[in-house]
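Values in this text are rule-based calculations from the coordinates and carry no lab data. Not measured: the values here are computed from a predicted model. Glycine gets a Cβ as well: all are built from the backbone with ideal geometry, and neighbour counts include every protein chain shown.
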Amino acid sequence: MPVYSHSRISCFEQCPLKYKLKYIEKIRPEIEQSVEAFLGSMVHTCLEKLYRDLRFQKIITLEELLAFYNEQWEKNWNTAILMVRKDYAPENFRKMGESYIRSYYKKHHPFDSSRTVGLEQRINIDLNDDGKFRLRGVIDRLACRDGGTYEIHDYKTGSSLPPKKYLEEDRQLPLYAIAVKRDYPNAESIKLVWHFLPFGQDVTVEKTEEELENLRIKTVESIRKIESSRKFPSRTSKLCDWCEFRPMCPEWAHVAKTETMSLAGFMKEPGVKLVNRYVELMEKKGEVESEIGKLKGLIFQFSKDKGVNVVAGSGHDAKIWRAEKLKFPGRDEEGRRELEEFLKKSGLWKDVSSLDAFLLSKTMENPPWPEELAKAVEKFGRKEMIERIYLRKKDGPGD
């Protein structure tokens with residue numbers, strides 16, 4: 001059985017295809033890290049040193065800490081790091097990290113509000129106590145105070161400050177709390193502390209035993225859903241721009257390929273030419289219906305040949321939607337009478353008494369009937385592939 005983590009479960013929820021590529025096929029992408037992730041790792045390394053030195057009764061100065069940060073940045077920076085925001089240079093991000101460290105240091109100095117128990121502390125949880133649903137994670141900093149209060153600290157370098165309600169529904173730190181309660185029997189209470197470094201704000205949340213138990217159950221259900229999945233479709237979101245698997249995703253592969261082309265090469269690329277012509281014709285649709293139909297067929301074929309769902313153009317990208325649907329016989333078509341008789345004998349007639357063929361097809365996508373009956377009804381239909389093109393406007397070529 002695989003060992004799960006909050007990030008692994010979140011990956012599936014974000015995009016099942018990314019989950020498949022990363023955890024099932026174990027593909028190592030060309031782009032290993034975004035600059036935002038690199039910034040976060042450098043800041044984490046720096047704060048880890050701060051508290052490790054404190055364990056040895058050494059309070060590192062702010063100047064020493066910043067020097068260490070810049071040394072680590074220089075040592076670990078590489079050209080494979082992804083820069084999504086083209087208006088900013090690596091130096092901008094390095095300076096952001098400096099400001100986060102400076103702000104945290106000044107706010108928490110002399111760092112004696114609690115005692116550090118562990119840094120980058122690994123935890124393991126057996127969610128069902130049977131070895132089937134195991135989960136692991138890493139706590140940025142685990143600390144304790146007098147009276148049996150433990151604190152799970154997490155450093156955030158993202159550009160957004162979520163409302164407290166969002167954090168109250170967070171899964172990661174409460175799962176860590178389950179492990180801390182098990183590993184430290186003297187823990188009377190556990191505080192979850194998020195440090196939002198760009199904003200200089202700390203947010204603290206406590207969870208009840210009931211809330212932690214409900215989370216444990218929901219997490220087991222999430223893992224069951226992953227393990228029962230047979231299809232791993234791509235799911236687009238604003239996070240796609242930072243995805244390391246973008247060049248091999250059918251939603252973005254063609255777009256990513258054209259982004260690195262010269263303008264001359266871009267305008268000659270076969271898919272780009274098809275989409276540009278399609279956009280041109282769609283703007284005067286009434287005059288050129290037949291040519292639009294031919295172009296749609298060519299774009300469908302191009303997307304199949306290249307294994308992509310989005311074909312790039314100059315001012316627009318063409319998003320191809322495909323779905324296999326069951327089509328049942330209409331009122332005067334062959335097989336209609338047999339279908340009606342079968343539904344009546346099976347007691348399903350009340351569900352589709354008007355027998356709208358389209359409605360029956362929609363019902364079959366999530367039938368309210370026993371599986372064997374649904375399969376029997378399915379035999380009366382024929383599978384038909386539906387294809388559509390949706391144009392998605394973009395800022396410009398090669399951006």
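Counting DSSP beta bridges in the chain, what percent are antiparallel, to the nearest 5? Antiparallel bridges: around 75 percent, rounded to the nearest 5. Over the chain, with a Gaussian network built from C-alpha contacts below 10 Å, which listed residue (Glu387, Glu48, Glu340) shows the highest mean-square fluctuation? Among Glu387, Glu48, Glu340, the largest GNM mean-square fluctuation belongs to Glu340.
Taking 0.36 nm per residue of separation and subtracting the Cα-Cα distance, what length does fully extending Lys393 through Glu378 add? Walk me through the numbers before you get to the answer.
Details: separation 15, 0.36 × 15 = 5.40 nm, distance 3.89 nm.
Length gained between Lys393 and Glu378: 1.5 nm.
In whole percent, what relative contact order does region 78-146 give with Cα contacts below 8 Å and a gap of six or more residues? It rounds to 27 percent for region 78-146. Note on P(r) over Cα pairs in 20 Å bins from 0, in percent: of the candidates (1) 20, 42, 30, 8, 0; (2) 24, 38, 27, 11, 0; (3) 25, 51, 22, 2, the value calculated from this structure sits at (1).
List, in the order given, every pair from Lys284/Lys306; Lys296/Lys344; Lys95/Lys231; Lys225/Lys383; Lys156/Lys306 whose Cα-Cα distance in the structure shown is over 32 Å.
Values: Lys284/Lys306 28 Å; Lys296/Lys344 41 Å; Lys95/Lys231 43 Å; Lys225/Lys383 27 Å; Lys156/Lys306 39 Å.
Violating the 32 Å Cα-Cα cut-off are Lys296/Lys344; Lys95/Lys231; Lys156/Lys306.
Of the cross-linked pairs Lys106/Lys165; Lys18/Lys132; Lys22/Lys257; Lys257/Lys394; Lys20/Lys319; Lys22/Lys181, those separated by over 26 Å at the C-alpha level are Lys106/Lys165; Lys22/Lys181. Model label sites at Ser10 and Glu221, defined 7 Å from Cα along the beta-carbon direction, differ in position by 2.1 nm.
Under a Gaussian network description of the chain, with springs only between Cα atoms under 10 Å, the residue in Ser189, Ser113, Ser103 that fluctuates furthest is Ser113.
Sorting 262-269, 138-145, 3-10, 278-285 by average packing, meaning the other beta carbons within 10 Å per residue, from highest down gives 138-145, 3-10, 278-285, 262-269.
Of the residues Phe232, Gly200, Ala177, the one whose Cα sits farthest toward the positive end of the charge dipole of the chain, with +1 on the Cβ of Lys and Arg and -1 on the Cβ of Asp and Glu, is Phe232.
Helix by helix through the chain, keep the DSSP H runs that span 20 Å or more along the axis on Cα and average at least 0.0 on Kyte-Doolittle, and give those back in order.
Working: long enough: 35-55 (30 Å, 0.13); 62-76 (21 Å, -0.97); 90-108 (28 Å, -1.72); 209-228 (29 Å, -0.92); 289-306 (26 Å, -0.54).
Answer set is 35-55.
Just to confirm my numbers, what's the Cα centroid distance between region 27-102 and region 185-219 in Å? That distance is 26 Å. Here each label is just a point 7 Å from Cα along the line to Cβ, and for Gln201 and Lys284 those points are 5.4 nm apart. Note: relative contact order over region 1-112, using C-alpha pairs below 8 Å and six or more positions apart, is 32 percent.
Would you mind calculating the relative contact order of the chain from Cα pairs under 8 angstrom and at least 6 residues apart, reporting the percent as a whole number? Spell out each step's value before the answer.
Values: 516 pairs, mean separation 55.9, N = 399.
Averaging sequence separation for qualifying contacts and normalising by length gives 14 percent for the chain.
For the peptides 156-168, 235-247, the ranking by packing is 235-247, 156-168, with the highest mean count of neighbouring Cβ atoms within 10 Å listed first.
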